[in-house]
1. In Å and on Cα atoms, what radius of gyration and Dmax does the stretch 231-276 show?
2. Would you please put 211-223, 344-356, 62-74 in order of how densely packed they are, using the mean number of other Cβ atoms within 10 angstrom per residue and starting with the highest?
3. Could you calculate the FRET efficiency of ALA288 with ALA155 from 1/(1 + (r/R0)^6), where r is the beta carbon distance between them and R0 is 45 Å, rounded to 0.05?
4. In whole angstrom, note down how far apart the Cα centers of the stretch 210-229 and the stretch 90-104 are.
5. If you place +1 on the Cβ of every Lys and Arg, -1 on the Cβ of every Asp and Glu, and leave all else neutral, what size is the dipole of the stretch 101-352 about its Cα centre, to the nearest 20 Debye?
6. Starting from the Cα of MET217, step 7 Å along the direction of its Cβ; do the same at GLU202; then give the gap between the two resulting points in nm.
7. State the Kirkwood hydrodynamic radius of the stretch 69-159 in Å, one decimal place, computed from all pairs of distinct Cα atoms.
8. Just going by the charge dipole of the stretch 230-359, with Lys and Arg at +1 and Asp and Glu at -1 on Cβ, which of VAL303, GLY238, PRO254 is farthest out on the positive end?
Amino acid sequence: MPGSLQQSHSCSNSGSSEIRLLVSPTLPIYSKACVARYGRVKSSCTICPQASKMAVEELPMAITVCPVTPSFVAEIGDIDLSRPLEPADLVAIKDAFTTYAVLIFPDQHLSQDQHLDFAKTFGPLETTIALFRKDTKLRVRKEFADVSNLDPDNAVWGENSRQRLFQLGNRLWHTDSSFKRLPARASLLYARSIPPIGGHTEFADERAAYEALPENMKRRLQGLVAEHSIFNSRARLGFTEFSDEERQGMPPVPQALVRTIPESGRKSLYLASHAGRIFGMPEPDGRALIDGLIAHATQRQFVYTHRWRVNDLVIWDNRCTMHRGSEFDDLRWKRDMQRATVSDVANTCEQEGITVAAA
Ligand SMILES: O=C(O)CCC(=O)C(=O)O
Ligand SMILES: [Fe+2]
């Protein structure tokens, strides 16, 4: 969309109705940051009552960041993710991802390749754990987690299908791939078709949840390590039938309970229903502590519910959020979602400098 302007604003006091502002008056932080960073400013509008806004001439459109909540979720507009991105736009998206941990990109028209290409700008991709399950044929490319309720022939799955039982685990609060030694950094979930009611995704801000803890609890949690396993979350649902091959393919892994997000320096809880015992604590005490922390972190004030529209792409930071899918009539409606998942750089204990004693 080169040549167009993001949003116009007339400076009535200056008498110059030609002066236009780069960003919406409601979003001054991003406008100034983008302008300063990308050198798109041609002149300053000093007469304008909103003197902090920069005036520009005809320039390529910058992205628009529209907060949905003050510091957790934002919508991103004026961007077409099916095309290679301007480096400046990518920087702006990553800045927004640091401030907000959930970004919504509405109305994106993406092929599987375009979805993956955008995901790769955040880092190396995971391959789906369905590769460990020999009983399913893949419906989408192996780089995707198939989050649909569809079988390989695009028909709605059966009530007792193994895929359905397995995916019920997504209804529990979790963060993606914390059961892998190298967990997920970011997930990018794309809605190709959605049910008319239900099937929302809830997100919890674990940075805000950490910051709201009493100081003595923060001290108590520092340095603690939990053991995560996908079989813990499935066992919570009573789903325990796994082959030795599946169990050996995904052994339990240690993860720090509190972590620091390098880009912002903010501390965050790191929780999931994949978490089981806490190292160095009696198992019931550890499990009770984790359940209590999940209850704390998922209080209303920390949670945003995303009601999907077709062609929404939603990205979240798995390092500092939990999420869960909400119920819908999955035997009636098609819900076709595919998720690309970006790996973290190292195990969380390694990132936090914690040495875990052998179990
Ligand atoms: O189905 C949902 O809304 C959540 C799916 C999920 O947990 C994921 O894609 O990581
Ligand atoms: Fe998930």
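1. Radius of gyration, then largest Cα-Cα span, for the stretch 231-276: 14.4, 41 Å.
2. Ranked by mean Cβ neighbours within 10 Å, highest first: 62-74, 344-356, 211-223.
3. 0.60
4. Answer, in whole Å: 26.
5. 160 debye
6. Going by the 7 Å Cα→Cβ label model, 1.7 nm.
7. It is 15.4 Å.
8. Farthest towards the positive pole: VAL303.
None of the figures in this text is laboratory data; all of them are computed from the coordinates on show. This is a predicted model, so every value here is computed, not measured. Don't worry about glycine lacking a Cβ; one is built from the backbone with ideal geometry, like all the others, and counts go over all protein chains shown.
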